[in-house]
Amino acid sequence: MRQGCRNKLFWLSLVIQCLFVAVLTSRANGQEASCNTNDRNALLGFKIDITDDPSGRLATWKGMNCCSWDGVTCDQQSGRVISLSLPGLYSTPDSIVTTTMSGTISESLGSITFLQELILEGLEDLIGTVPFSLGLLSHLTRLFLDGNKLIGSIPPTLGQATKLKQVYLSKNQLTGSIPPSLGSLSSLQELVLETNALNGVIPSTFGNLSSLVILDLSVNNISGKIPASLGALSNLSTLNLFSNQLTGIIPASFSTLPSLQYMNLYDNELSGNLPASLGNAVSLQRIQLQHNKFTGVIPSTWGNLNKATIIDLSGNRLFGSIPVSLAKLTGLSALRLRENELSGSVPQLVSQNSELNELDLSFNKFKLGTIPSWISQFPTNGLLSLASCGLVGPLPASLTSTNFGLLDLSSNNLTGPIPASYFAKMTNLFSLNLSSNLFTSNLSSGLISQLKVLESIDLHSNQLYGSISPIFSSSYFSTDLYIDLSDNEFTGHLPSQFDTDQGRKVGTLLLSNNNLSGSIPSSISALSNLRVFDLSYNALSGSVPPSIGNITGLTSLVLKSNQISGSIPKSLGDLKSLTALDLSINKLSGSIPQEFLSLTQLSFFNVSYNNLGGEVPQGSPFTKFPASAYLANEALCGTPLPLCK
């Protein structure tokens, strides 16, 4: 009897050993164990709530072994699902694929007990809310749900997923306040909630996130003060709080942030003085505080920020002079101080040993006098803006020493000619603004033709004269060229031909308030990239060329206050992108074309003071324009004018 039992136990033991060896062998051969039934059911719950899967990745979700499904990864020993990764941008052996996915994120995912990462970023069309059940995932370390259309609030239960290291919920439509419970995530390294509609305050509990490296709450509706507790985040490298409604001061505790490199607090309502103690945050590289309400002076202690590369304090209420100590920041590449109340002398910020290639001092209270000599030391491709800095006198010959990328000397009292030879060596100049000065120069002298990679030229409000034909003589213009020659004394006709490659690259052409005469040539349609066209306040005659209707990207057409006659071309009804059309104060006759009812984007319309008649087109968008848009056209009738007889 006992012998029989021993034999049975022997064989049972042998069978168990064989099974164990078989399992080890299958693992050694890279074969995964079948997935957990509970995990499989949870994944199927997710699949049910997805209404559209253009890439067909969920089509592989069949059979019992969910570990082989696309986007699913299992632990090889336990067979438990540890990763669900279905991003909108992914790679295949042949290419990089961009796709979308529609539907909601099922609460069933909270049942995948051992899930370590959930990546559903950039799918664009996922809607609904962030599942509350995700807080049950005690092993979750990475949560990427950014780039979708998720709504509702951030579930406070996320504070229970204590192993979370990365949370990305950015670029959704989330609302409500940020849960203070997130301050319990002691392992959290990255929290990115930017570009939502979150409101409320920044929880003071965030000062407990001792592992935090990146905090990005930018582009929301967050208000209140910046918690001083953030000064305890010794590992914080990036702080993005820009484009919110934050008030109060920069906490003095920020001076004790040893790892802080990027501090972006711009576009808020922060006030008070700039903290002098911030000069102790020696790791700071980028300081962007523009467009707030800071007052007082720029602290001289900021000259200790030896690693600073960008300092932007534009659009505040700072006064006093620029500290001489800032000249010690030899690694500084950009200093932007425009639109403050700064005055006094400008220290020697520019030298041949400096990295500074962008300096913007525009619209302060400087009285620099003649253009400073250090302008000749500005680096190649540099960006220099000295608009409204009290500059006087002519352009100096020293201007020829630098090959600028951008040069803005507008809104000063500069006089004399604009020598074309000064710009001959500026082969990299893409933006030139000399507007609102007292220059007297003949444009026919070849200035424009010297600028080979031009993207923007603004010469409005000077005393320039001559022909505008040279504008179209250069064959090197960049696409979307911006040209503003308004408020000068140009005479003569528009060029008869615009059928050149450089002409097709013009995006904005402003020629208002000059003395131009003649008709608008039909060849204007060759400016196929034109979006904004303003010829107002000239002496143009003839008719509106129907060919303008071929410039399909045109958004603004202003021909106000000329002597243009004839009828309004029906072809203008083809300008589907048009938002502004002003034909007022001319000699136009006939009716307003019914084809204009197709101009659904039109938000401004004015044909007053012409000789038009007939019924105003009845329907959108014309129902929203006031009677003043049709004033002084005696034969016009129909809403909003008196009814037609």
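The values are calculated or read from the model by the stated rules, or taken from the named source; none is laboratory data. Because the structure is predicted, anything quoted here is derived from the model rather than measured. Positions of Cβ are generated from backbone atoms using ideal geometry, with glycine treated the same way; all protein chains shown enter the neighbour counts. Surface areas here come from the heavy atoms of the whole protein model, side chains and all, with no ligands, DNA or RNA. Shrake-Rupley method; radii C 1.70, N 1.55, O 1.52, S 1.80 Å.
Stretching ASN273 away from SER496 to a fully extended chain increases their span by 74.4 nm, per 0.36 nm per residue minus the current alpha-carbon distance. Computed over the alpha carbons of the stretch 220-286, Rg followed by Dmax gives 11.2, 30 Å.
Across the chain the C-alpha pair distances fall into 10 Å bins from zero in the proportions 3, 12, 15, 16, 18, 17, 10, 4, 2, 1, 1, 0, 0 percent.
Starting from the Cα of ARG317, step 7 Å toward the Cβ, then list every residue of the stretch 280-301 with an amide N under 16 Å from that point. Under cut-off, by backbone N: 290-298. Spread over its residues, the convex hull of the C-alpha atoms of the stretch 293-346 is 71 Å³ per residue. Would you grab the residues whose amide H sits under 5 Å from the one on GLY566? Only those 5+ places off in sequence or on another chain, please, with H modelled 1.01 Å from N. Those qualifying (amide H under 5 Å, at least 5 residues apart or on another chain) are SER589. Largest first, the extents of the alpha carbon coordinates of the stretch 320-445 on the three principal axes equal 45, 28, 20 Å.
Here GLU634 and ASN442 are evaluated by their C-beta separation; at R0 = 41 Å the FRET efficiency comes out at 0.40. Here the sum of -39500 (n - 2.57) over DSSP H runs of 4 or more residues, divided by the residues of the chain, equals -2000 deg cm²/dmol at 222 nm, to the nearest 500.
Local charge for ILE311 was computed over the other residues whose Cβ lies under 9 Å away, with Lys and Arg +1 and Asp and Glu -1, and equals +1.
Put a dot 7 Å past the Cα of ASN413, heading toward its Cβ, do the same for THR129, and the two dots end up 6.5 nm apart. Ranked by solvent-accessible area (1.4 Å probe, protein heavy atoms only, all chains present), the residues PHE319, PHE294 order from largest to smallest as PHE319, PHE294. Taken about its Cα centre, the stretch 506-645 carries a charge dipole of about 60 debye when Lys and Arg each add +1 at the Cβ and Asp and Glu each add -1 at the Cβ. In terms of accessible area, using a 1.4 Å probe and ignoring ligands and nucleic acids, GLU339, GLU355 rank largest first as GLU355, GLU339. Placing a pseudo-label 7 Å from each Cα along the Cα-to-Cβ vector at THR380 and ASN515 gives an inter-label distance of 4.3 nm. Legend: calculated FRET efficiency, SER343 to ASN38, from the Cβ-Cβ distance at R0 = 60 Å, rounded to 0.05, equals 0.25. Suppose we keep just the DSSP beta bridges with both residues in the chain; what percent of those would be antiparallel, to 5? Rounded to the nearest five, the antiparallel share is 5 percent.
Could you tally the net charge around ASN513, taking each other residue with its Cβ under 12 Å from the Cβ of ASN513, Lys/Arg +1 and Asp/Glu -1? Computed value for this residue: -3. Think of a 1.4 Å ball rolled over the protein heavy atoms: the chain then has 42 Å² of accessible area per residue. Taking amide H as placed 1.01 Å from N in the peptide plane, the amide H of SER177 sits under 5 Å from that of ASN199, each at least 5 places away or on another chain. R0 = 56 Å: FRET efficiency of ALA232 with LYS645, Cβ-based, nearest 0.05? That gives a FRET efficiency of 0.10. Counting Lys and Arg as +1 and Asp and Glu as -1 over every other residue whose Cβ lies under 13 Å from the Cβ of ILE250, the net charge comes to +1.
Less than 5 angstrom separates the built amide H of GLY613 from those of GLY590, SER591, ILE592, all sequence-distant by 5 or more or on a different chain.
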